[in-house]
Structure formats: C-alpha cells, structure tokens
1. Fewest Cβ neighbours within 10 Å first, please rank Tyr204, Tyr326 accordingly.
2. With the cut-off at 15 Å, report for the range 201-240 the share of all Cα pairs above it, as a whole percent.
3. Taking the beta-carbon count within 10 Å as an exposure proxy, list Arg172, Arg80 from fewest neighbours to most.
4. Give me Leu88, Leu218, Leu171 ranked fewest to most by other Cβ atoms within 10 Å of their Cβ, as a rough exposure proxy.
5. Name the long-range amide H neighbours of Cys206: under 5 Å, sequence gap of 5 or more, or other chain; modelled H, no Pro or chain starts.
6. Over 24 Å, how big is the tail of the calculated P(r) for the range 7-118, in percent of all Cα pairs?
Amino acid sequence: MRAAPVRIGALFELVLRAPESLVENLSDMLVDELEALSVTVEDAEAGTADEAALYGEPGQPAPAAAWAHSTVRALFEDERAAEAAAALLLAQPWLHGDAGTPGAQVQALQRVPDEDWVRLTQSQFAPVQITPQFWVVPSWHVPPAAARTVIQLDPGLAFGTGTHPTTRLVLRWLAAQAEARRGDRADAGVGADEATPWPNVLDYGCGSGILAIAAAKLGAGEVLAVDIDPAAVEATAANAQRNGARVRAALPDAVPERGSVVQGGGHGGRGGAAAAHGGFTLVLANILAAPLKVLAPLLAAQVAPGGWLVLAGILERQAGELAAAYAAHLRIDVLDSDEGWVLMGGRAGTAD
C-alpha cells in the first residue's frame, strides 16, 4: 500500500531583518501572539565574508542568541494571516529601534511553493558509502548491489545517520579493523564464525545507535550502548531491532565498574557465568571535545588491557587538547581525518 503524497499548499512566508537585540522578542511574538506555524532565524550575512558561526559546547560560554544581523522567516497558513502579522509588527514601537539601535524591517511577504514534503525530505538522504561493501541506507532506498554490510537507518531525533564526518570516521575505522582482525584470525586457523573482532563493546553517547549497530553487524560479541538522553536510548533500541543487531541500550548507570561482578564477565545482562568485569575490548565515544575531556577518567577506566579507546567529535585544532587530557590514562593519537574533524584512539597499556 502506497501512501498518498503529503502536500501542504498556499503557505506564506514573512521575511524580516532584525538586530540581535530584537530577535528573541520578535520570534516570541510571531509564535505566541501572531500564530506563526514556524519561525527560523538565519545569519543575514550568510555567504559573505561577514558570515559567522554560532554554536556552543558544554563547559564553554553560551553563544549569542542570534546573529548581529539576522534574517527571521515566519511561516503562515495563508496570505491573509501573513499580511495581518506584518501590519501588527509594523505597529509595534519597540520594533522600530531608536537613534542608537536599528529596528526590524519587513523584507518580503511571499508564497511558498507547494511541495511533496515527504518526498523532498527523503531526497535529501541518500545511501552513505562507508566502504565499497559497507553502506548506511535509509528505509526508502534499495541497498547497492555491492553492499555486504548494511545498516538501515532513517533520520530521527537522535544524532547519527552516517552523513556527518565524525560518524563516518568511526564507521570506517570499525570496518577496517573488523576486516583486519578477521584476516588475522583466519590465518591463525580460527573459523569465520568464531573470528569475533571485539568480544565486548561500549558505545558511550550512542545517539541513534549507529556505531553500536555497526560494531554488532561487523561481528562484535556483546554491545552496550548508553546515552544520557532517554530518547536516544529508545531510538538505539528500535534501530538495533530493525537491523537485527544484538545491542543493549541503556542509560549510563548501566555501565559496570571495573572489577564488579556481572553475568558473563562482560557488561551484564546476557547469560554466562558470573565474573569480574575486566573492561571492554573496544570503547567508542562520538560526542564533543569538551565532554570527552571531562569523561577521560571514566572512559579510559573502561578499556580492557590491550583494548581500544576510539574518540570522535573532535576538530583538528582540538587534537592536542584531547591527547593531553588522556595522557595520564593512555596515549591517544590521530587515526584519521575528514573535513576538518579527526578520529583519535589508542590501546590500553600504551601510555608513556
């Protein structure tokens, strides 16, 4: 059964230019009083030499609420509603500014073309090649013929679809390591079914669960994926089930302490004799540089002797900071780079 195309017709957009000091109140009025369907704030200088990035990281000063010169786009259900909103805004004295502060200006009132929004959204997400044999594929696409390992994943609320460089970096590393380890164990006479690249894996800050699912599909034994966001935990569990991947999704308090007694000696929860938790053979964390530095003692303590710690979400200029933050625990180096981001990692027991 095919769903009929979802179309929204006759929408109108009111476009304004406003200084940073007025953006928050202007946006609130558009939504709360003028019943705009949505409000988007953009850098009015985008595409010029004056374009500026606004983003924040935990532990760092909060970024500005808007750009010095912002474009505010408000969507209304019809032309009449958009025109009424423009008239009411122009009648507000506080939006006119004063001698020292520029006011807000209406730049355009325009019709938004009818769109099949579902089809448009889907067209923006194509299959992502990690290696020639390893692909991340949205559910509305057919996997490429050459794909041997496929993760089916649709865009959602949790981070991680394979399109961002930080995610691709980890996935490429996982694929290369899995292939190399299988080759080494095959040369040693270990059967393909027994050639597990990592007996147990921890994905810390799992988001959509894409890294945990990849590890499971590439042959990992037990996989624990944790996140502080319950929505991410739910997304990971659902995505793992859709992909037939054995992944346990939970909040961070599910991570056992080193030496604690768990079932099977791994991360707990799936059979086997009780044994002391000796750490994970692979610990993954694709977050941001600031929390990665804060988490250094916790993450490093979870790596089993000889195991790998692999970190992403790090800009090239932040690599030295991360190496210094982990130096007391283990040595980490840059393993790969992509579009200004780096992948860092090291093995337990290699600290100088």
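We did not get these values from a lab; they are worked out from the coordinates using the rules stated. A quick note: this is a predicted structure, and the numbers were derived from the prediction, not measured. No Cβ is skipped: glycine too gets one built from the backbone with ideal geometry, and neighbour counts run over all protein chains shown.
1. Values: Tyr204 27, Tyr326 24.
In increasing order of surrounding Cβ atoms, one gets Tyr326, Tyr204.
2. Working: 201 of 780 pairs.
That tail contains 26 percent of the Cα-Cα pairs.
3. Details: Arg172 17, Arg80 10.
Ascending number of Cβ neighbours within 10 Å: Arg80, Arg172.
4. Details: Leu88 13, Leu218 22, Leu171 27.
In increasing order of surrounding Cβ atoms, one gets Leu88, Leu218, Leu171.
5. Long-range HN contacts for Cys206: Val226, Asp227.
6. On the way: 1923 of 6216 pairs.
Here the long-distance tail beyond 24 Å is 31 percent of all Cα pairs in the range 7-118.
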